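Have a look at the structure below before the remarks.
The values are calculated or read from the model by the stated rules, or taken from the named source; none is laboratory data. Every value quoted in this text rests on a predicted model; they were computed, and no experiment measured them. We place every Cβ from the backbone using ideal geometry, glycine too, and count neighbours over all the protein chains shown. What goes into the accessible areas is simple: the full protein's heavy atoms, side chains included, and nothing from ligands, DNA or RNA. Shrake-Rupley method; radii C 1.70, N 1.55, O 1.52, S 1.80 Å.
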Amino acid sequence: ATRAARLDEAAKGRPFADFSLRRSPDLSTSVARSAFIGGASHTADADASMRLGIPVTGTMAHAWIMGHKAAVAGYVEAKKAGRAERWVSPYIESVNREFYENLVRDAVDEVWPNVSNSQIELVGFKAYLKSMPTNSVLLIDTYNPVQGMKNAIRAAIETGTKLNGIRLDSGDLYELAWTGKELLDEARQTHPELFANSKIFA
């Protein structure tokens, strides 16, 4: 609670969220409760939200990108074997199955045979924007944070989805935040409808 109070003072009225569940010593709601008492506006702990009525928030996870990496890898292997039509799609039960499958095929075919992590990340971002268009905060540092920022902007433009923000999770947050601001400001000049309210979440 004391730490949250210090963060609240430093934030000068800007909201901040409790993301402590990953570091809590147990799975109780005590840390989320204490952070909320200290001034956190939201928690990423869904259980604390349900039990205590604390507003819940969240963004995408690295696992989202890695899941799409596995899907791309499967298609790449099928294509290498000359049997792209036999690719076993992991999206069989998804309501967005056709969109995801076409996204993977088009991304790989466009850069074949040099499929990079950056291309995979772009696939993941576009898929996330399709699935969660109203919660469009993209986690940009699964691979390279600056390239991730550029991919987030590109994904928003190519899907026509408003980008609520980018999330910085590692590295020099101060320097990366300024780089992100520059890139978002530049994108806002040409696409104000997509980036007018884009935030940086660190």
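Numbers for the structure displayed
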quantity	calculated
Separation in nanometres of the label points that stand 7 Å from Cα toward Cβ, at Lys130 and Ala63	2.1 nm
Residue-averaged [θ]222 nm for the chain, counting only DSSP H segments that reach four residues, each worth -39500 (n - 2.57)	-17500 deg cm²/dmol
Per-residue ³J(HN,Hα) for the range 134-141, Karplus 6.51 cos²θ - 1.76 cosθ + 1.60, θ = phi - 60°, Hz, x for Gly and Pro	9, 10, 8, 9, 9, 7, 9, 10
Point-to-point label distance, Glu158-Leu52, nm (Cα→Cβ direction, 7 Å offset)	4.1 nm
Calculated mean projected area of the Cα convex hull in nm² (choose from (1) 12.2; (2) 13.0; (3) 9.8), label	(2)
In nm, spacing of pseudo-spin labels at Arg97 and Asp172 (7 Å Cα→C-beta vector)	4.8 nm
Solvent-accessible ranking of Asp106, Asp26, largest area first, probe 1.4 Å	Asp106, Asp26
Amide H within-cut-off set for Leu139, under 5 Å, with H built and near neighbours excluded	Met60, Arg167
Label-reachable residues, the range 92-112, where backbone N falls under 12 Å from a point 7 Å from Gln119's Cα toward its Cβ	104-112
The range 8-83: trypsin sites (Lys or Arg not before Pro) falling in loop per DSSP and having at most 16 other Cβ within 10 Å	Lys12, Arg83
Those lysines that a straight Cα-Cα span of less than 20 Å connects to Lys80, excepting residues fewer than 8 apart in one chain	Lys69
For the range 1-71: span of alpha carbons on each principal axis (Å, largest first)	43, 26, 21
